[in-house]
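J.: To start, I am sharing the structure in question, which I have written as C-alpha cells.
The values are calculated or read from the model by the stated rules, or taken from the named source; none is laboratory data. Note that this is a predicted model, so its numbers are computed, not measured. Quick reminder, even Gly has a Cβ in these numbers, built from the backbone with ideal geometry, and neighbours come from all protein chains shown. Note: accessible area is taken over every heavy atom of the protein model, side chains too, but ligands, DNA and RNA are not part of it. Shrake-Rupley method; radii C 1.70, N 1.55, O 1.52, S 1.80 Å.
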Amino acid sequence: MLLFLDVDGTLLPFGAVGPYPLHEPAFPLPAAVTDHPLLARVDPALGARLTSLGCELVWATTWGDDANTVLAPWLGLPRLPLVDWSDSDDGEEQAGLHWKTRSLVSWAAGRPFVWVDDELTDADRAWVAARHPERALLHRVDHQVGLTEGDFAVLEEWLTGEGR
C-alpha cells in the first residue's frame, strides 16, 4: 500500500493563530538539517507513527529533494521515493481538481493508496473513484495543526479494512 505524503500543512502546520508547538530533534542531526527555519514545527515523532502504518511512504510535495535531505533525517526516515511533478499538467482541466491528483493516480499505477494532504476536496475523491481501479483514501488534514492522532486513527481504520 502506498502512502503519498504532503509536507506543508500536513507535517508542517501553518496558518494558525498563536504560537506553534516547537520540537527538538529526537537525536543529534547536522546543522544543515536543524538550521531549516520551519523544521521545529514538525514533530519528529511523526516519522515513527508513519512507519508504523506499514505503508510504502512516498513524498508528494513541492519540497523536492529537500524532503529527503532535511525532513527525512528529522523524522528518522530513510530516503523516500519522490513524485516527479514534471508531467502534472496533461491538459485536462476540471474545476476544483487538485493539481497533484492526476500525477498521483498515475504514479500509483493501479495500486491501492492513501494520500494525506491539506488541500484535498470532494472533486479529487470523485475523480479518483471514477478512474482508479483500486482502493484509495484521500484524507484531508487540518493545515493549522498538521497530522494528529485523530488523523492516524482514520488512516489505521481504513488500512485495516474497517473503514471500507
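J.: Please report the relative contact order for segment 1-56, taking Cα pairs under 8 Å with a sequence separation of at least 6, and give it as a percent rounded to a whole number.
T.: Relative contact order for segment 1-56 comes out at 48 percent.
J.: Computed from these coordinates, which is percent of Cα pairs over 19 Å apart: (1) 51; (2) 60; (3) 55?
T.: (3)
J.: Taking one equal scatterer on every alpha-carbon of segment 1-73, how large is log10 of I(q)/I(0) by Debye at q = 0.11 1/Å?
T.: -0.28
J.: Now, a different point. Any idea of the accessible area per residue across the chain, 1.4 Å probe, to the nearest Å²? All intermediate terms of the calculation are to be shown ahead of the outcome.
T.: Details: 8060 Å² over 164 residues.
Per residue, the chain has an accessible area of 49 Å².
J.: Further question on the same structure: Mind listing the long-range amide H neighbours of Val114? Cut-off is under 5 Å, sequence gap 5 or more, other chains count too, H placed in the peptide plane at 1.01 Å from N.
T.: Sorted by chain and number, the residues that satisfy this are Leu2, Leu3, Phe4, Leu137.
J.: What residues have an amide H closer than 5 Å to that of Glu119, excluding those fewer than 5 places away on the same chain, when H is modeled at 1.01 Å from N in the peptide plane?
T.: Those lying under 5 Å, H to H, from Glu119 are Val141.
J.: Next question. Taking the Cβ-Cβ separation of Ala126 and Trp85 as r and a Förster radius of 25 Å, what is the calculated FRET efficiency to the nearest 0.05?
T.: Values: r = 22 Å, r/R0 = 0.88.
For R0 = 25 Å, the calculated efficiency reads 0.70.
J.: Still on this structure, I have one more. Ignoring ligands and nucleic acids, what accessible area does Thr121 show with a 1.4 Å probe (Å², nearest 10)?
T.: Spelled out: Thr121, probe radius 1.4 Å, area about 50 Å².
J.: Accessible surface of Phe14 in the full protein assembly, 1.4 angstrom probe, to the nearest 10 Å²?
T.: The value for Phe14 is about 80 Å².
J.: Oh, and also: If you put +1 on each Lys and Arg Cβ and -1 on each Asp and Glu Cβ, how big is the dipole of the chain around its Cα centre, in Debye rounded to 20? Write down the numbers at each step before the final one.
T.: Numbers: 11 positive and 26 negative charges, 73 e Å.
Dipole magnitude for the chain comes out near 360 debye.
J.: What list of ³J(HN,Hα) couplings, whole Hz, do you get for segment 132-144 from phi and the Karplus terms 6.51, -1.76, 1.60, once you set θ to phi - 60° and write x for glycine and proline?
T.: 10, x, 10, 4, 8, 10, 9, 10, 8, 9, 6, 4, 6
J.: Carbon-plus-sulfur fraction of the accessible area of the chain, 1.4 Å probe, in percent?
T.: Accessible surface attributable to carbon and sulfur in the chain totals 54 percent.
J.: If you don't mind, another one. Report, in deg cm²/dmol and to the nearest 500, the calculated mean residue ellipticity at 222 nm for the chain, where each DSSP H run with n ≥ 4 adds -39500 (n - 2.57) and the sum is divided by the residue count.
T.: On the way: 6 runs with 45 residues, N = 164.
Value at 222 nm, helices only, nearest 500: -7000 deg cm²/dmol.
J.: What angle do you read, to the nearest 10 degrees and between 0 and 90, between the alpha-carbon axis of helix 122-131 and the longest principal axis of the chain?
T.: The helix 122-131 is inclined about 60 degrees to the chain.
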